[in-house]
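Single-structure report; data block below.
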Amino acid sequence: MRAGKFRLHLKGLAGNRDGNFAVLGAIAFVPIIGAAAIAIDLVGAYLEAEKIQNALDAAAISSVRAYGEGATEEAAQEEAKKFFWSNYSLPEENVVEALAAPTDTDTENALAVTFTRDANEDTAAAEFVFEYTPIFLERTPLQIRRQAIAARAAGAEACILALHHTADRAFDVSGSSVVDLTGCSVISNSNDGQSIYIGGTGKLTAECLYAAGAIYGSPQDVTLACESAVEGSPRVADPFASKAFPKTSTWVDLSGCGQNYVTGGGGNGDCNGTGKTPKNATGYVVTLKPGTYGTLELKGAIKLEPGNYIIDGGRLELGSQTVVTGEGVTFFLMNDAQVKINGGATFNISPSLEGDWAGFSIVAEHGNEAAAIINGNSQSSLTGIIYLPDVSELQYSGNGSTSGECIRLIAQEITLIGNSTFKMDCSAELANTQFNYPGTIRLVR
């Protein structure tokens with residue numbers, strides 16, 4: 001009897017449904033809570049990643065602008081850090097131990113910025129890696145990695161780059177000069193009120209003018225292909241600042257080259273193995289070899305063999321009656337060497353199209369501030385880039401023929417005198433070496 005009642009009670013208990021919903025609901029609610037926590041964590045990580053991305057975009061854009069305007073990589077990286085941390089801060093409730101604060105070394109290292117430069121554009125790639133700690137669940141932190149790449153594309157090709165930041169008339173066309181730079185632009189980094197100056201009866205034709213300061217010139221004296229000249233434009237960095245210069249060596253012995261041809265020459269010796277040289281001989285042409293010269297003052301008819309002619313502390317000078325020819329030639333002004341090419345000289349010189357300095361005709365090392373004078377005539381031709389980055393002033397008068405010269409000028413200040421015509425299409429003559437006004441900045445990624 002008791003056994004029968006027990007079985008009935010057990011059967012009734014087994015069939016009772018009271019409380020089953022609560023138990024099952026409690027069991028089911030656990031994964032719902034977990035899923036909600038995961039969703040919240042993922043949304044939080046996504047929002048944090050978006051904030052990081054926005055800050056990285058600002059960092060990349062600001063740093064490539066600074067880099068393109070001449071800042072060193074270190075200075076441009078500091079610019080990136082400034083913009084990144086002014087637009088982003090680590091979440092206080094969610095700081096990973098390894099990245100304790102923006103001043104922490106590990107946090108600083110978490111932001112990496114690298115730069116590249118070529119003839120077409122400057123780029124800055126900024127990357128930030130952050131370990132995001134979930135709010136609800138104890139598990140491995142989520143790694144957030146974001147990258148931004150900004151590029152500043154090359155704009156108009158330039159023939160003239162005046163590097164000085166404050167000079168009055170950093171680029172000057174005055175007097176009765178007539179300068180034709182059709183297809184090429186002029187860039188002046190000076191912020192002066194007359195950064196680019198076209199005065200007197202001077203005339204200038206160019207693709208466009210870009211000045212960090214203001215431009216002075218009567219509209220009737222300036223002809224531009226662009227809609228208008230650009231004042232207050234960004235400065236342009238020295239495009240060749242990182243190039244390595246050659247080393248000087250023992251000076252070439254000029255004895256025997258003849259006083260009428262080369263200063264320092266004399267007698268009728270073999271002129272450094274280039275052939276017997278008479279003291280006086282009408283129509284004779286002296287041949288010179290590449291090498292290091294203390295001074296190279298040329299007086300008569302000279303032929304230069306291809307190569308680098310290094311002037312070590314002295315002077316490169318072409319006298320008024322000099323006739324000089326040379327293909328594949330580059331002059332290097334080292335240890336404050338000077339250059340003076342007189343107006344009566346006739347020369348036909350073109351640069352080498354191979355090697356580290358392909359396309360360069362006259363180069364002065366950094367720190368050389370001596371003024372330079374290069375005066376050609378209608379029979380003369382000087383092809384290549386004249387790169388004198390620290391020379392205080394380059395005074396240039398080129399060939400005014402209609403065909404023009406493949407010439408490019410870089411110095412602190414540049415004054416054009418006389419009539420000069422520059423040729424635009426010079427990729428072959430300059431070994432595809434060029435410099436440009438920087439164009440717009442855009443986010444690549």
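The values are calculated or read from the model by the stated rules, or taken from the named source; none is laboratory data. These numbers were taken from a predicted model, which means no experiment stands behind them. Methodologically, a virtual Cβ is constructed for each residue, glycine included, from the backbone with ideal geometry; neighbour enumeration extends over all protein chains shown.
Overview of values
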item	result
Candidate set from region 147-164 (those that are more than 16 Å from the chain's Cα centre (by Cα) and surrounded by fewer than 23 Cβ atoms within 10 Å (Cβ to Cβ)); member that is farthest from Ile61 (Cα to Cα)	Gln147
In region 415-441, the residues that are under 22 Å from Cys226 (Cα atoms) and assigned to a strand (DSSP E or B)	Leu416, Ser420, Thr421, Phe422, Asn436, Tyr437, Pro438, Gly439, Thr440, Ile441
Residue in region 350-380 that is farthest from Pro239 (Cα to Cα), counting only those that are small (Gly, Ala, Ser) and buried (at least 19 other Cβ atoms within 10 Å of the Cβ)	Ser380
Residue identified as more than 28 Å from Ser174 (Cα to Cα), in the same structural domain as Gly291 (by TED's automatic domain parsing) and among the β-branched types (Val, Ile, Thr) among Thr415, Thr346, Thr433	Thr433
Enumerated strands (runs of 3 or more DSSP E) restricted to region 202-287, each holding at least 1 residues that are under 25 Å from Ala364 (Cβ atoms)	203-211
Residue in region 310-317 that is under 34 Å from the mean Cα position of the chain (by Cα) and within 21 Å of Gln379 (Cβ to Cβ) present	yes
